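The values are calculated or read from the model by the stated rules, or taken from the named source; none is laboratory data. On a predicted model such as this, the values are computed, not experimentally measured, just so you know. Don't worry about glycine lacking a Cβ; one is built from the backbone with ideal geometry, like all the others, and counts go over all protein chains shown.
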Amino acid sequence: MSSESPVATAAHRLGTLSPSARDGLLALGCLLIGLPEVIAHGGWNLKVVVALVAMSAPVLVQSRYPVAVFAVLSVFAAVQWWLDVRVLSDVSLLVVLTTLVVRRITWAVVAAVVILEVGVILAVLKWSKHSLLLGILLNIAILAAVLLGVYLRERSAHLAQLTQRAEQLERARIARDMHDVVGHHLAVMIALADGAQVAIEHGQRPEEALRQLSATGRQALAETRSLVTVFASSTADVPAGLEQIAAPIRLAGVPVRVHVDGPAAPGPGDVDEVVRRVVQEALTNTLKHAQRPASVEVTVTYAEPQVTVDVTDRGARRPLSHPAGRGISGMAERVAAQGGRFTAGPHDDGWRVHATLPVSTR
């Protein structure tokens, strides 16, 4: 259940409309509010009808010209007071005051409040037998219009910050995807090319390594295209399975064993995609950094309420000749985004990547 007041909720819904549609509804509201005055005067009294339209119609363009509209309405209100015509459509002045506050037109807000206070004094002196009560009510209405404008302004700024943050997170996600795809496939292709060269130097046939090199390049191109078009389509190709990820690593000379225990279960977001990316990046790091690993064990276990990913290799790390990349931090960010836990570090005589991600508890 929402904790917002009905007025704030209605203001938020109005804020989701286009400016012209919003102004149209506000103008109609001001017109309808003034209709009881027409009825009270025994029908379509010309002065009342003119005042009603004059105080409502300018609201149709108040989003585009709030200062000019407030000035025009102020003149109409003064004429209305001089002709001794009372219509509740004067509320349109408060509508435009709220817009001025939202737009942060400070000088216009100050001028509008002063004009409204003068109007309150004139109205009380001319029409009220209970001047103190009417003055208090009108000032409360002015204060409410200002506070509503402040609320809408701050809400709009907050939503803009959230939108910007979401865009930044999406760009970071795409950057991680590109790092994973390009880094993984380039590492595999380099290892396959090195293997083919060694085979040629030893008089062996390099056809299989070259075929896998070509297939890996095509797969890298396909996955890169999928990432580039992800914003325009939700039908991107399904990423390669774990065995398909492991196959070129094996051909590059690193023995990989893959174990998947338990049926896959749904989780928040795309858990399976995160599992594949973690395994892919872990194998890539093994290929790039491990010294002659004896083996790599990949174990994925689905056991509600979580899925566990464990990638362990045996092979000491080569000293880095360049700064470490974003592989480990990218995996950690992926797992954290799904509400999971991630660790990576030395294990026995090799390296271990371990992650747990939440899945459904049906």
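Here is a yes/no grid of residues against (1) at pLDDT 90 or above; (2) within 22 Å of PRO248 (Cα to Cα); (3) in a strand (DSSP E or B):
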residue: GLY267; (1), (2), (3): no, no, no
residue: ARG277; (1), (2), (3): no, yes, no
residue: ALA282; (1), (2), (3): no, yes, no
residue: ARG292; (1), (2), (3): no, yes, no
residue: VAL309; (1), (2), (3): yes, yes, yes
residue: ALA336; (1), (2), (3): no, no, no
residue: ALA344; (1), (2), (3): yes, no, yes
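Just to be sure, is ALA222 at negative phi, touching a Phe, Trp or Tyr at 6+ places or on another chain (Cβ under 8 Å) and either modelled with pLDDT of 75 or more or in the same structural domain as GLY327 (by TED's automatic domain parsing) (or both)? Criteria not met by ALA222. Taking the criterion of being surrounded by 14 or more Cβ atoms within 10 Å (Cβ to Cβ) and either farther than 13 Å from LEU94 by Cα or more than 33 Å from the chain's Cα centre (by Cα) (or both), the residues of segment 104-116 that qualify are ILE105, ALA108, ALA111, ALA112, VAL113, ILE115, LEU116. Put simply, of ARG22, ARG64 the only residue that is in contact with a Leu (Cβ under 8 Å, 6 or more places away or on another chain), basic (Lys, Arg) and modelled with pLDDT of 85 or more is ARG22.
Being touching a helix residue (DSSP H, G or I) at 6+ places or on another chain (Cβ under 9 Å) and either within 30 Å of TRP127 (Cβ to Cβ) or modelled with pLDDT under 70 (or both), is that true of even one residue in segment 157-164? No, every residue in segment 157-164 fails to be touching a helix residue (DSSP H, G or I) at 6+ places or on another chain (Cβ under 9 Å) and either within 30 Å of TRP127 (Cβ to Cβ) or modelled with pLDDT under 70 (or both).
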